[in-house]
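A.B. asks: Dumping the structure here so I can ask a few things about it.
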Amino acid sequence: MAFRNSLAICLLLAVLGSISAGPLSARNPAAMAMLESIMKKSKWDSFVFSQEWPATVCSSSSRKCYFPENRNTWTVHGLWPSKSDGTYGPSNCETDAEFSEATLAPILDDLEKQWTDVFGESDEYSFWKHEWSKHGTCAAQLEALDSALKYFEKGLELNTNYNLTSIFLDSNIVPGNSYSLKQYTKAVESVTGAKSTVRCASKGSARVQEIRICFDKKFNVIDCFEDSNCHTKSINYEDNN
Ligand SMILES: *[C@@H]1O[C@H](CO)[C@@H](O)[C@H](O)[C@H]1NC(C)=O
């Protein structure tokens, strides 16, 4: 793909440059800056997989909200390349990458159900387009995810395999009640064996909004670097009716 080609060309330029006429950085700062930017964008080692609870996303906003067909399901927010030493990103790795709505046709139904844009009244593709250009174009450096179709299929697969509705239910955590941060994290960790991140809605009363599970590049679960932003004893799992 284009990224690998441009990386190879830049490396070649760098090598040729340093052999033929001293450091490339001195002779060609623009090429050097390009090389640095490409190297930086390829430096990541893991994923943060974020799922959200539609009821809380909706009640946190005044925008018109469209629930997924099954209101009792957590949906994908995103699958984000990250650095396990504690930072998100890189992002926007291929700014000229095309996003074709047609490529998602085979999985459109599942995307609507499981990667729902609850605010997607006029253009349901805008959320997916955003996730693809910001995060997917970096994830696409992996052969396993090197197309929009593969990238979104992976998100759907993880959403099915790490079904938070049933993970919580198995720990007797159900919508309409409140639980401690520890109860939420223990429930997820009893399934994944690793540290997850529980995110609360940023405004209003304490409500659980997102659960983040982290993976290495082979999709083994690893500890997430980010701590929870929930700071109250009791956190509501918002009723979804
Ligand atoms: C997750 O589990 C719930 C409850 O069992 C179920 O209703 C829902 O369809 C499941 N979601 C996915 C994506 O499998």
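Quick note: the coordinates plus some simple rules give every number you see, no bench work behind them. What you are looking at is a predicted structure, and each value in this text was computed from that prediction instead of being measured. Note that each Cβ is placed from the backbone with ideal geometry, even for glycine, and that neighbours are counted across all protein chains shown.
A.B. asks: Most mobile of Pro90, Pro54, Pro175 per a Gaussian network model of the chain (Cα springs, under 10 Å)?
C.D. replies: Comparing Pro90, Pro54, Pro175 in the GNM, the peak value goes to Pro175.
A.B. asks: On each of the three principal axes of the Cα atoms of the chain, give max minus min coordinate, whole Å, ordered largest first.
C.D. replies: Answer, in whole Å and largest first: 69, 37, 30 Å.
A.B. asks: To continue, here is another question. Which order do peptides 206-213, 29-36 fall in by mean Cβ count within 10 Å, highest first?
C.D. replies: Those peptides, ordered most packed to least, come out 206-213, 29-36.
A.B. asks: So what's Rg/Rh here for segment 102-172, counting alpha carbon atoms and using the Kirkwood radius for Rh?
C.D. replies: 1.02
A.B. asks: Below 8 Å, C-alpha to C-alpha, sequence gap of six or more: please give me the relative contact order for the chain in percent.
C.D. replies: In percent, rounded to a whole number, it is 22.
A.B. asks: Obtain the nm distance between the two label points defined at Asn72 and Lys113 by a simple spin-label model: each point lies 7 Å from its Cα along the Cα-to-C-beta direction.
C.D. replies: According to this spin-label approximation, the distance is 1.5 nm.
A.B. asks: At a Cα cut-off below 26 Å, give the lysines reachable from Lys83, other chains included and same-chain residues fewer than 8 away excluded.
C.D. replies: In chain and number order, the partners are Lys40, Lys41, Lys43, Lys129, Lys134, Lys150, Lys154, Lys182, Lys186, Lys195, Lys217, Lys218.
A.B. asks: For Asp85 and Ser234, FRET efficiency with R0 = 35 Å and r from the beta-carbon atoms, rounded to 0.05?
C.D. replies: 0.60
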